[in-house]
Amino acid sequence: MTRKAPVANAPAGDQPADLPRGERPRATPDRTLYMIGNAHLDPVWLWPWQEGYQEARATFWSAIQRMDEYPDFIFTCDQMVLLSWVEESDPELFERIRQREAEGRWVNVGGWWVEPDCNMPMGESFARQGLYGQRYLQSRFGRTATVGMNVDPFGHNVMLPQILRGHGMDAYTFMRPGPHESDFDDSLFWWEAPDGSRVLGYRIPFEYGSPPGSVDGQVDKALGNFDKSLGDAMIFYGVGNHGGGPTKANIESIHRYDRMGSFGRMIMASPREYFDEMLGRGEAFLDALGVRRDDLQHHAPGCYSAHSGIKAWQRRAQHAVLNAERWAAVTALRDGIRYPREELETAWKQVLFNQFHDVLPGSAIEPAYDDARDQLGEATSIAKRIIVRAHNTIARQVDVPFEDGTQPVLVFNQHPWPVTADVVLNYGSLRGGVHVVDAAGSPVLVQHMQSVATTSDTSRGALAFRADVPALGYRLYRMRPGPAPHGALESTSLRVDEHVIENDLVRIELDPRTGWIRSYLDKATGVDVMAGTDAASHTQVCEDPTDTWGHRVISYAWPGDPMPLSRIVVRETGPLRSRVRVERAWGASTLSEELILDHDQAVLRVEVTLDWREEAHLLKLRFPVAVSDPRTTFGIPYGHLERPTDGAEEPAQSWVDLSGSVDGRPAGLTVVAAHKHAFDSSPAEEGGQPSIGITAARSPVYAWHDPRLLDPDGVYSFQDQGIQRFSYELVPHGGDWRDVDPARRAALLESPVRAMLESSHGGVLPAEHSFASDTGGAVMVTAVKGSEDETDAAGGADLIVRAVETRGESARCSIELPLVGRVIDADFGPSQVRTFRIPRDPDAEVTTVDLVEWPIEGSPVTVSRFEAPESGTTDSVSPKPRTGSEDLSNAHFRASSNEGHDRP
């Protein structure tokens, strides 16, 4: 008989079945490598979502089969949408997944619906990623994820640790930015949000996936990028992007190198096991870890501007669904109408899915955006139906006395603070013109304007009128025929021509050569935040040879070619507001900016129409600010962050502020922009001024990834071709951006109040009413919704209210809730997000809940009964009176449009 010698080391390829496990050389490096089997799956990228749908099923079957073959194999899964697809299309597979999850071999992490872009969605969208993701896991598997995971997004905002903790997760795994593109080297560290919330962060040292063969190359490169002082490491393996997952060759090679001791002990594990090992090392180890109190940036900054369409569709859809929740909650709790959870969940999941990190960043193939447009359109349509139903439910109960020949108008404000708005109405059947009065018959300021209908019907008209609307409420107005009574309104202060726009608060001068601002004087203080600035730099066109992602790009703030002025036209002269149209052209592209100044405001609103026809070019809109010692603050989800004034391309929610001093006096300018997320704050150069820049359009080839070179004779499709519209505001202030409350301004700019024509009838509701108010202070209510948990068999709801501190300072707030007859008084830490559940039962206890709407131990909440004001209409929270000094500090907030129609 042939004698067989013991096997030393292990052969390449499949491992012998009788090879003992757990035997390693004594010289094996003293570390444990936690091998994380996964399949990062982009549901959309270089393929449509329908292909991702099928690939999820194929990948998950592969993972189940590997478990059948290898008893020690563990699979890690994130993105709950993938599980939901498998559940609805392959129940057999889903049941196999449930069985393996119960054994601990299928591990769900992340807890979010998808891996979204982690800079551009609203704070509320991040809250909903975990709301729907964690509730899905709890309902299907009986437990939630405790480890956050976003391995592929291109940057991560610093509010995420607080959001993750609010979803019940204490750790976070990511890959981008790598050490080569960031300002920190740590592999393992504490990541701390401004409110002090912490998660244990782990940066994947080399790629989230691997080739299908041996893992030795993956391990070599991972260890080369890892902080070896930590000893143990997580290494991710498995075929990814288009799915696939761990292969037999992957697993066999792990067994081989573990036996050989090549890299250390190699175990197939889950991220939770690794984090528990780190947390279990004791306080001395944990205290020695670095603490990161900043964003995790930068990678692919071109994604903040790529595909303007998806940015605008997303923003509109997010606001629409948030507004639908608010009005649905009002009618559910007040009128007993079923809270439309299923419809809202459908809408939210369409929104959340299209925040995926290759959709919202604009880096997917062109056909993917046909689907995104349709899906976000579905979400918006669902929201609009809910809003209109709720508004009509409320409107039919308002006491609207009959007045012959008049047209009642109800203005609804979805924001939980009082709003002053210039409301635009298009009307018919009133040939002699109209004026507008409030419910008491007092005239309000009106301005006639061009109708959206260009017909021979002379009875069609349009007007803008001034409305003061209570917080999350409505107010009744009335159009009466004919002009307002003589002397009913005092004359306004507007003075306007092609070169000067002026009221009693500010004087704005336009450079006749360029059409842009060369002076913006605050008359009360004498400070001019744009004195002597370079008006020619407002528009900058650059050839942009970079790829869709903007790989390796640091800045787009390069000197550009200005768009030459075509003409300046005065379109409106008052009495409510002035409107000056500035038109420019460059190449085949045109730009019109309509500069709008209200008679009693210091804020300039600009409505932009850009017809962009340039390929591989970008357009920056630049706003020089005449301040010294500049410092820049960017709005981020649920918060703000100060960043260097260095010209880097940075993400922002909707606003950027540049503050410093003018002639020794504090001053600054906040730029609030709707639907734009790509900004820079650039230092002064060659005797100029520091400035804020918005990347308004950028037109790379779709899904073009450097280092692929474009064929000079090739045929390609370029982004951002055609017409886009957006708005922005220029808000001067006395040096502290907090005084102008940019988060509220942005919300109102992006989501204007809604006016509807109404009939006359009796009703139990007064002419104006508020259902909820945060009183407009430092704490801003961001969500008013029905509870996800039903309170009765008919689908009833408790009230969920979420709020965030917006100034970065500790604050105590009162949230008035006439809807449920209560007032909540609560303390907030700097930038803290808090959520409250207010039961329908007035005797039941108000509780603090997390972002998944599950009870938590929170700081004390004082609850009292809401008492309607003695003066004013019954049960109404009326807007605060307006004064000239308050206008500069933004005590009220302005918008101008009805359903977005504020242009001919």
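The values are calculated or read from the model by the stated rules, or taken from the named source; none is laboratory data. Keep in mind it's a predicted model, so treat the numbers as computed, not measured. With ideal geometry, Cβ positions are generated from the backbone for all residues, glycine too; neighbour counts draw on all protein chains shown.
Laid out as a table, the results:
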{"quantity": "Residue match in the range 450-458 (condition: modelled with pLDDT of 95 or more and within 28 Å of residue 319 (Cα to Cα))", "calculated": "no"}
{"quantity": "Options 125, 89, 139, 84; residue that is touching a residue at least 40 places away in the same chain (Cβ under 8 Å) and surrounded by fewer than 20 Cβ atoms within 10 Å (Cβ to Cβ)", "calculated": "84"}
{"quantity": "Residues of the range 760-797 satisfying the condition of being at pLDDT 95 or above, touching a helix residue (DSSP H, G or I) at 6+ places or on another chain (Cβ under 8 Å) and of a type in the set (Asp, Glu)", "calculated": "788"}
{"quantity": "Qualifying positions in the range 382-397 - more than 12 Å from residue 323 (Cα to Cα) and out of contact with any helix residue (DSSP H, G or I) (no Cβ under 6 Å at 6 or more places or on another chain)", "calculated": "389, 392, 394, 395, 396, 397"}
{"quantity": "Matching residues, the range 138-173, being farther than 30 Å from residue 551 by Cα and in contact with a Leu (Cβ under 8 Å, 6 or more places away or on another chain)", "calculated": "140, 143, 144, 145, 166, 167, 170"}
{"quantity": "Answer residue from the range 57-78, given it is touching a strand residue (DSSP E or B) at 6+ places or on another chain (Cβ under 6 Å) and among the aliphatic types (A, V, I, L, M) and is surrounded by the most Cβ atoms within 10 Å (Cβ to Cβ) among those", "calculated": "63"}
{"quantity": "Tally, over the range 718-757, of residues that are over 26 Å from residue 820 (Cα atoms) and either outside any helix (DSSP H, G or I) or among the acidic types (Asp, Glu) (or both)", "calculated": "23"}
{"quantity": "Flag for residue 143 being part of a helix (DSSP H, G or I) and either within 23 Å of residue 42 (Cβ to Cβ) or not assigned by TED's automatic domain parsing to the domain that holds residue 831 (or both)", "calculated": "no"}
{"quantity": "When residues of the range 572-589 are limited to those that are out of contact with any Phe, Trp or Tyr (no Cβ under 9 Å at 6 or more places or on another chain) and of a type in the set (Val, Ile, Thr), the one nearest to residue 561 (Cα to Cα)", "calculated": "580"}
{"quantity": "Residue check, residue 106 surrounded by 20 or more Cβ atoms within 10 Å (Cβ to Cβ), touching a Gly at 6+ places or on another chain (Cβ under 6 Å) and among the aromatic types (Phe, Trp, Tyr)", "calculated": "no"}
{"quantity": "Every residue from the range 780-811 that is free of Cβ contacts under 8 Å to residues at least 24 places away in the same chain and within 24 Å of residue 844 (Cα to Cα)", "calculated": "792, 793"}
{"quantity": "Condition check for residue 549: over 22 Å from residue 626 (Cα atoms) and among the hydrophobic types (A, V, I, L, M, F, W, C)", "calculated": "yes"}
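For (1) of a type in the set (Lys, Arg); (2) in the same structural domain as residue 522 (by TED's automatic domain parsing); (3) in contact with a helix residue (DSSP H, G or I) (Cβ under 7 Å, 6 or more places away or on another chain); (4) under 25 Å from residue 528 (Cβ atoms), each residue gets a yes or a no:
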position: 561; (1), (2), (3), (4): no, yes, no, no
position: 575; (1), (2), (3), (4): no, yes, no, no
position: 581; (1), (2), (3), (4): yes, yes, no, yes
position: 596; (1), (2), (3), (4): no, yes, no, yes
position: 604; (1), (2), (3), (4): no, yes, no, yes
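So that you can scan it fast, the table gives a plain yes or no per residue for (1) part of a strand (DSSP E or B); (2) of a type in the set (A, V, I, L, M):
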{"site": "540", "(1), (2)": "yes, no"}
{"site": "546", "(1), (2)": "no, no"}
{"site": "568", "(1), (2)": "yes, yes"}
{"site": "572", "(1), (2)": "yes, no"}
{"site": "575", "(1), (2)": "no, no"}
{"site": "578", "(1), (2)": "yes, no"}
{"site": "581", "(1), (2)": "yes, no"}
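Conditions tested, residue by residue: (1) at pLDDT 95 or above; (2) over 24 Å from residue 310 (Cα atoms); (3) not in a strand (DSSP E or B).
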residue: 659; (1), (2), (3): yes, yes, no
residue: 670; (1), (2), (3): yes, yes, no
residue: 679; (1), (2), (3): yes, no, no
residue: 685; (1), (2), (3): no, yes, yes
residue: 688; (1), (2), (3): no, yes, yes
residue: 694; (1), (2), (3): yes, no, no
residue: 703; (1), (2), (3): yes, no, yes
residue: 707; (1), (2), (3): no, yes, yes
residue: 712; (1), (2), (3): no, yes, yes
